[in-house]
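Engineer: Below you will find the structure I want to go over with you.
The values are calculated or read from the model by the stated rules, or taken from the named source; none is laboratory data. Computed from a predicted model, the values in this text were never measured in an experiment. When we count neighbours, we look across all protein chains shown, and the Cβ atoms used for this are built from the backbone with ideal geometry, even at glycine. Just so you know, the surface numbers come from the protein's heavy atoms only, side chains and all, with ligands and any DNA or RNA stripped out. Shrake-Rupley method; radii C 1.70, N 1.55, O 1.52, S 1.80 Å.
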Amino acid sequence: MQIYLAPMEGITTWVYRKAHAEVYGALDKYFIPFLETHEKRDFKTRELQEIIPEHNEGIRAVPQILTKCAEGFIRAARALQNFGYDEINLNLGCPSRTVVSRGRGAGFLAFPEELDHFLEEIFGALDVKLSVKTRVGKDSPEEFERLLDIYNQYPLEELIIHPRIQADYYKNEPRMECYDEAKKKSRNPLCYNGDLFTQGSIRRFCEKYPQEERLMIGRGLILNPGLIHGGTKTQFEEFHERLVEGYLGRGLSETSVLFKMKELWFYQIHLFADSRKYEKQIRKVPHFSEYRRIVEELLRERELCPPDADS
């Protein structure tokens, strides 16, 4: 079974990916949060920090591109090839209103003929492994039959399916009937993504799909970075420290680091038993030094208790 870390904008940065691999052991692939295409240059400085080889040493990193412009995708993909990447992912899953309103991400799924032409152009121009991360439709799961027909026309490295429509965002149950349809009809290797938060949920999925070879996990790994290989409180403490020092070492202000760590604690707080008091304190803390004190107390007073670890 191959396990991938899903790209999460602002969270799974190169600092996060590096710290995770070094503390918990590397996953099979780490997908880099989406890169946008630009008319007058390949990448912004912030994007370059994510893709330069020295920031991804020791892991298999896969960059993801968000665009509906074939020319822009081709230009960006060639630039990524020059950095040494041999696989590139197309984002057809982002449900953000800002992204979708521009016809990108999951918004592109509403235009199947344009999507087909886009894929024809990029496959005709590029000599690199291309994968797709997709939802099963924009407004209705009935759209998926046509989308799957399109994907089947191209030799994808893999088709990563999050079985929700754009309108679901991350609510409602995954539409597993669509994934079942893909299992029957896809000509491309499949990877499942969606609601794998605990060891129990992974086990139950694998019992239902015993032939599954690939899983992409996002929020489950952010909640519990030791979800796959296991982890102790000592490892978590080291992981937390590497993140803090890594972001400070990038030159980020303490205020910016505090914001990033608060975003992570939205998920990670659920690793600790009886942590509601600390959840409120971390959410409201205004100063970095006070944040340090609160986290030190939490780690001293509470034990790791991953949800559903043994069920």
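Engineer: Considering only residues of segment 242-275 that are within 16 Å of residue 304 (Cβ to Cβ) and over 24 Å from the mean Cα position of the chain (by Cα), which is least open to solvent (accessible area, probe 1.4 Å)?
Structural biologist: Of everything passing the filter in segment 242-275, 275 is least open to solvent (accessible area, probe 1.4 Å).
Engineer: Looking at 36, 22, 87, which is the one that is touching a residue at least 60 places away in the same chain (Cβ under 8 Å) and open to solvent by 20 Å² or more (accessible area, probe 1.4 Å)?
Structural biologist: Details: 36 fails: touching a residue at least 60 places away in the same chain (Cβ under 8 Å); 87 fails: open to solvent by 20 Å² or more (accessible area, probe 1.4 Å).
Just a single option satisfies the conditions, and that option is 22.
Engineer: Being in a loop (DSSP other than H, G, I, E, B) and under 18 Å from the mean Cα position of the chain (by Cα) is the filter; apply it to segment 93-113 and report the residue that is nearest to residue 134 (Cα to Cα). Reasoning before the result, please.
Structural biologist: Filtering segment 93-113 for residues in a loop (DSSP other than H, G, I, E, B) gives 93-96, 101-104, 111.
Retained after the next criterion (residues that are under 18 Å from the mean Cα position of the chain (by Cα)): 93-96, 104.
Numbers: 93: 5, 94: 8, 95: 10, 96: 14, 104: 11 Å.
Looking at the filtered set, the residue picked out is 93.
Engineer: Residue 241 versus (1) modelled with pLDDT of 95 or more; (2) closer than 18 Å to residue 28 by Cα; (3) of a type in the set (D, E, K, R): which is the lone unmet condition?
Structural biologist: Going through (1) modelled with pLDDT of 95 or more; (2) closer than 18 Å to residue 28 by Cα; (3) of a type in the set (D, E, K, R) one by one, residue 241 breaks only (2).
Engineer: Going by what's in this entry, would residue 45 be described as open to solvent by 20 Å² or more (accessible area, probe 1.4 Å), at pLDDT below 95 and within 16 Å of residue 91 (Cα to Cα)?
Structural biologist: On the way: open to solvent by 20 Å² or more (accessible area, probe 1.4 Å): yes; at pLDDT below 95: yes; within 16 Å of residue 91 (Cα to Cα): no.
So residue 45 does not fit the description; no.
Engineer: Report the residue count in segment 180-214 for those that are open to solvent by less than 40 Å² (accessible area, probe 1.4 Å), out of contact with any Asp or Glu (no Cβ under 8 Å at 6 or more places or on another chain) and in contact (Cβ under 8 Å) with a residue 40 or more places away in the chain.
Structural biologist: 2
Engineer: Mind counting the residues in segment 200-251 that are within 30 Å of residue 182 (Cβ to Cβ), out of contact with any His (no Cβ under 9 Å at 6 or more places or on another chain) and in a helix (DSSP H, G or I)?
Structural biologist: Of the residues in that region, 12 qualify.
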